[in-house]
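Student: Got a structure for you, questions after.
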Amino acid sequence: MSTPLNEGEDHGDVFLDEDDIVEEINVDEEDLPDADDDADSDTEAYVDEADDSVHIFTGHTGEVYTVACSPTDPTLVATGAGDDKGFLWKIGQGDWAFELQGHKDSVSSVSFSSDGQLAASGSFDGVIQVWDILSGTLKCTLEGPGTGIEWVRWHPRGHLVLGGSDDSTVWMWNADKAVYLNTFSGHASTVTCGDFTPDGKTICTGSDDASLRIWNPKTGENIHVVRGHFYHTEGLTCLAITADSSLVLTGSKDGSAHVVNIITGKVVTSLTSHTDSIECIGLSSSSPWAATGSMDKKLIIWDLQHSIPRCTCEHEEGVTCLSWVGGSQFVATGCVDGRVRIWDSLSGECVKTLRGHSDAIQSLAVSADGNHLVSVSLDGTARVFEIDEFH
């Protein structure tokens, strides 16, 4: 991580030779700022560093927490932040942005429907807003949970919206009709992660109560509760479901990942190698591999057929988010050190480090055409990087 100029070691005196002088500029003494003018400014001067991004979105005025790329429009991006705002904006079109107005607290999650027609923004105010992309209008406001929305997901084929809350419930609505469909109750703490299975027939949710629950979306029935001896000892943080809807992988604060059979509710295998909280998990679409990122500063690529680590990728700080790059062998990671890195899952090598952010990365998304990676950070910006060489 780059050291702010006013922290860390003393850089000592730096001497210039005649040859180092590029040009001389005469400065009027009166134009110089007083030395103490900036002393109490709380923005730390980061060491000037290369910025590898090709587009920076600066519409937010707070820490940016979440990003999603449209599945149908390679330029369209949604972001949500601590300034109580969401935005739709376009890669390469710096003058175009559409504010998702109306939230009264941080926007924690943004998500596009699978057909790209609608976008949902979920907030800590307990409300999900659904936006019509084509008309640029608010389609409906979905209410119900008593407290904050942690995440929002769409049904893989319809306009059904699923939202997990920190009041320990999960809610489902029909966004076309703006009607409430079901509540899934049973967790004893914040529902930190969840999703529909790719076939749309089942819902999996994970909670801070250290359990995974498997639900029937139609009836609201809780089919399985996975917890206890062979499972996590601390809260779940993330989950990913295999393309055939048969297995769910869960990650936890306890540093372990487990693979659960969705049909039987049984733990199939455990992936234990991390030594700190797992923050993110992702499945390769082209091979039986999983990727996990942890606060132990590691990305681990797992061979799911043998439940062993294929390779371990060391970072400078904790790994907060990851994304496989399309169907390729490459995995992108976001890190507490503000860097985005591209890793080759075959060799375990870091093939590219993308700089520009000055604070921890919170979320990553890949554009529909696979040409761009969008990262959002606590530094208040979203940055776009070209990754067309990796797909």
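Student: Under a Cβ-only charge scheme (Lys and Arg +1, Asp and Glu -1), can you give me the dipole magnitude of segment 250-391 about the Cα centre, in debye to the nearest 20? Could the numbers behind the result be given before it?
Tutor: Details: 10 positive and 17 negative charges, 65 e Å.
Magnitude of the dipole: close to 320 debye.
Student: While we're here: Need one word for segment 291-391: rounded, prolate or oblate. Basis is the Cα gyration tensor (sqrt eigenvalues a ≥ b ≥ c); a/c below 1.5 gives rounded, then a/b vs b/c decides.
Tutor: Values: a/c = 2.05, a/b = 1.28, b/c = 1.61.
Judged from the Cα gyration tensor, segment 291-391 comes out oblate (a/c at least 1.5, b/c at or above a/b).
Student: At a 1.4 Å probe, what is the % contribution of carbon and sulfur to the accessible area of the chain?
Tutor: Details: 8140 of 17950 Å².
Answer for the chain is 45 percent, counting heavy atoms of protein chains only.
Student: Convert each backbone phi in segment 111-126 into a coupling constant with the Karplus relation 6.51 cos²θ - 1.76 cosθ + 1.60 (shift: θ = phi - 60°), then list the ³J(HN,Hα) values in order as whole Hz, x for Gly and Pro.
Tutor: Once θ is set to phi - 60°, the couplings for segment 111-126 become 7, 9, 5, 5, 8, x, 7, 10, 10, 10, 10, x, 10, 5, 7, x Hz.
Student: Excluding residues on the same chain fewer than 8 positions from K90, give the lysines whose Cα lies under 29 Å from its Cα.
Tutor: Straight-line reach from K90, under 29 Å: K104, K139, K177, K352.
Student: Compute the Cα gyration tensor for segment 332-391, then decide on rounded, prolate or oblate, letting a ≥ b ≥ c be the square roots of its eigenvalues: rounded whenever a/c is under 1.5, prolate when a/b is larger than b/c in the other cases, and oblate in all that remain. Don't skip to the answer; put the middle values down first.
Tutor: On the way: a/c = 2.29, a/b = 1.32, b/c = 1.73.
Note, shape of segment 332-391 comes out oblate.
Student: Tell me which residues come under 5 Å, amide H to amide H, from T66 once H is placed; ignore anything under 5 positions away on its chain.
Tutor: The answer is G80.
Student: For segment 280-342, what class follows from the C-alpha gyration tensor (a ≥ b ≥ c being the square roots of its eigenvalues): rounded when a/c is under 1.5, otherwise prolate if a/b is larger than b/c, else oblate? Show your work: numbers first, answer last.
Tutor: Details: a/c = 2.45, a/b = 1.48, b/c = 1.66.
Judged from the Cα gyration tensor, segment 280-342 comes out oblate (a/c at least 1.5, b/c at or above a/b).
Student: When the Cα centres of segment 337-386 and segment 60-87 are compared, how far apart do they sit, in Å?
Tutor: Segment 337-386 and segment 60-87 have Cα centres spaced 15 Å from each other.
Student: Could you size up the charge dipole of the chain around its Cα centre, putting +1 on the beta carbon of Lys and Arg and -1 on that of Asp and Glu, and report it in debye to the nearest 20?
Tutor: On the way: 21 positive and 64 negative charges, 935 e Å.
Dipole size: approximately 4480 debye.
Student: With a 1.4 Å probe and every protein chain left in place, tell me how much accessible area S106 has, in Å² to the nearest 10.
Tutor: My reading of the accessible area for S106 is about 10 Å².
Student: Another question about this same structure. Tabulate in residue order the Karplus-calculated ³J(HN,Hα) for segment 357-369, using 6.51 cos²θ - 1.76 cosθ + 1.60 with θ = phi - 60°, rounded to whole Hz; enter x for Gly and Pro.
Tutor: 6, 10, 8, 3, 6, 10, 7, 10, 8, 10, 5, 4, 8
Student: I've got another one for you. What percentages, rounded to whole numbers, describe P(r) for the chain computed over all alpha carbon pairs with 10 Å bin width beginning at zero?
Tutor: 5, 22, 31, 24, 10, 5, 3, 0
Student: Additional query: For the chain, build the charge dipole from Cβ charges (+1 Lys, Arg; -1 Asp, Glu) around the Cα centre, then report which of I263, L283, V54 sits farthest towards its positive end.
Tutor: Projecting each Cα onto the dipole axis, the largest value belongs to I263.
Student: Compute the distance from the alpha-carbon center of segment 311-325 to that of segment 175-231, in whole Å.
Tutor: 27
Student: Further, regarding this structure: From the P(r) of segment 70-167, can you give the percent of Cα pairs sitting at distances over 23 Å? Mind showing how you got there, number by number?
Tutor: On the way: 849 of 4753 pairs.
Of the Cα pairs, 18 percent sit more than 23 Å apart.
Student: I would also like to ask the following. Which ³J(HN,Hα) values in Hz, rounded to whole numbers, follow from the phi angles of segment 50-60 under the Karplus curve 6.51 cos²θ - 1.76 cosθ + 1.60, where θ = phi - 60° and Gly and Pro get x?
Tutor: Per-residue couplings from phi come out as 4, 10, 8, 6, 9, 7, 10, 9, 10, x, 7 Hz.
Student: In segment 203-338, what is the count of Lys pairs whose alpha carbons are under 24 Å apart, counting only pairs at least 8 residues apart or on separate chains? Could the numbers behind the result be given before it?
Tutor: On the way: K218/K266; K253/K266; K253/K297; K253/K298.
Lysine pair count for segment 203-338: 4.
The values are calculated or read from the model by the stated rules, or taken from the named source; none is laboratory data. Every value quoted in this text rests on a predicted model; they were computed, and no experiment measured them. Virtual Cβ from ideal backbone geometry, glycine too; neighbours counted across all protein chains shown. In case anyone asks, the SASA skips ligands and DNA or RNA and just uses the protein heavy atoms, side chains included. Shrake-Rupley method; radii C 1.70, N 1.55, O 1.52, S 1.80 Å.
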